[in-house]
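K.L.:
I'd like to ask some things about the structure below.
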Amino acid sequence: MKTIFGFILFSIFLCLSLLHFYWAIGGKWGFYEALPEKENGEKLFLPGVFSCVVVGMGLLSFGILTLSYLGFLQIIPIPHFVAKSAIRAIAIVFFARAIGDFRYVGFFKSINKTTFAKNDTKFYSPLCLFLCVMCVILLVI
C-alpha cells in the first residue's frame, strides 16, 4: 500500500515538474491561469524561464525524494532519515500553500473573484492539501 501511495505522489510531482518545464520553454497552456491576480485582474508577477526551471527542479526533487524514501533509488544514496525528514518538510510546505497567504492564494484568501482565485479554490489549493495528506499517509503507513 505504501508503494502505491508513493508512486501516486511521485507521478503528481513528475507531472507538475513537467508542466513547469513546459512553461520554461515557452509553453502557454495554463500559464496565465496559474498566476495570482489583483482584484483588477493584473498579475502579481510574471515568472521567467529561470523561475519556472527552479520550481520544476524543486518538484522533480520532491518526486525523487519520494522514490528514495520508498527505497527505489539505490543509485542516489539518500539516508532514510533524510528522505523521511524531507517528506515531512514537503507536507508542511504544501499544507502552508493550501492555507495560503490570506489575501491572494489558499483556502482562506480574501480576493476570490478573479480567474486565478476561482481556479485556486477548485484545483490548486485542494491539490496542495491532497499532496500534504499523501505525504502524511506515506509517513505513517
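K.L.:
So for region 110-132 (the condition being in contact with a Lys or Arg (Cβ under 9 Å, 6 or more places away or on another chain), surrounded by fewer than 16 Cβ atoms within 10 Å (Cβ to Cβ), at negative phi and in a helix (DSSP H, G or I)), does at least one residue qualify?
P.N.:
Within region 110-132 (the criterion being in contact with a Lys or Arg (Cβ under 9 Å, 6 or more places away or on another chain), surrounded by fewer than 16 Cβ atoms within 10 Å (Cβ to Cβ), at negative phi and in a helix (DSSP H, G or I)), the answer is yes, since at least one residue qualifies.
K.L.:
Another question, if that's okay. With the condition kept exactly as written, say whether any residue in region 49-63 is modelled with pLDDT under 95, of a type outside the set (Gly, Ala, Ser), at negative phi and out of contact with any Lys or Arg (no Cβ under 6 Å at 6 or more places or on another chain).
P.N.:
no
K.L.:
Within region 9-25, is there a residue that is touching a Pro at 6+ places or on another chain (Cβ under 8 Å), at pLDDT 95 or above, surrounded by fewer than 19 Cβ atoms within 10 Å (Cβ to Cβ) and of a type outside the set (D, E, K, R)?
P.N.:
No, that holds for no residue.
K.L.:
Okay, next question. What number of residues within region 115-139 satisfy the criterion of being more than 15 Å from Phe7 (Cα to Cα) and at pLDDT 95 or above? Working first, answer last.
P.N.:
Within region 115-139, the first condition is being more than 15 Å from Phe7 (Cα to Cα), and the residues that meet it are 115-129.
Restricting the remaining residues to those that are at pLDDT 95 or above gives 116-129.
So the answer is 14.
K.L.:
Return the pair list, or none, for Cβ contacts closer than 6 Å from residues in region 27-49 that are aromatic (Phe, Trp, Tyr) to residues that are surrounded by 10 or more Cβ atoms within 10 Å (Cβ to Cβ), at least 6 apart or on different chains.
P.N.:
What qualifies is Phe31/Trp23.
K.L.:
Taking the stated definitions as given, is Ile75 without any contact (Cβ under 8 Å) to a residue 40 or more places away in the chain, among the hydrophobic types (A, V, I, L, M, F, W, C) and either loosely packed, with under 13 Cβ neighbours inside 10 Å or more than 22 Å from Gly41 (Cα to Cα) (or both)? Can you show your working first?
P.N.:
Working: without any contact (Cβ under 8 Å) to a residue 40 or more places away in the chain: yes; among the hydrophobic types (A, V, I, L, M, F, W, C): yes; either loosely packed, with under 13 Cβ neighbours inside 10 Å or more than 22 Å from Gly41 (Cα to Cα) (or both): yes.
When the stated conditions are applied, Ile75 passes them.
K.L.:
Yes or no: region 36-46 includes at least one residue that is in contact with an Asp or Glu (Cβ under 8 Å, 6 or more places away or on another chain) and among the basic types (Lys, Arg).
P.N.:
yes
The values are calculated or read from the model by the stated rules, or taken from the named source; none is laboratory data. Values in this document were obtained by computation on a predicted structure and should not be read as measured data. Glycine also receives a Cβ, built like all others from the backbone with ideal geometry; neighbour counts cover every protein chain displayed.
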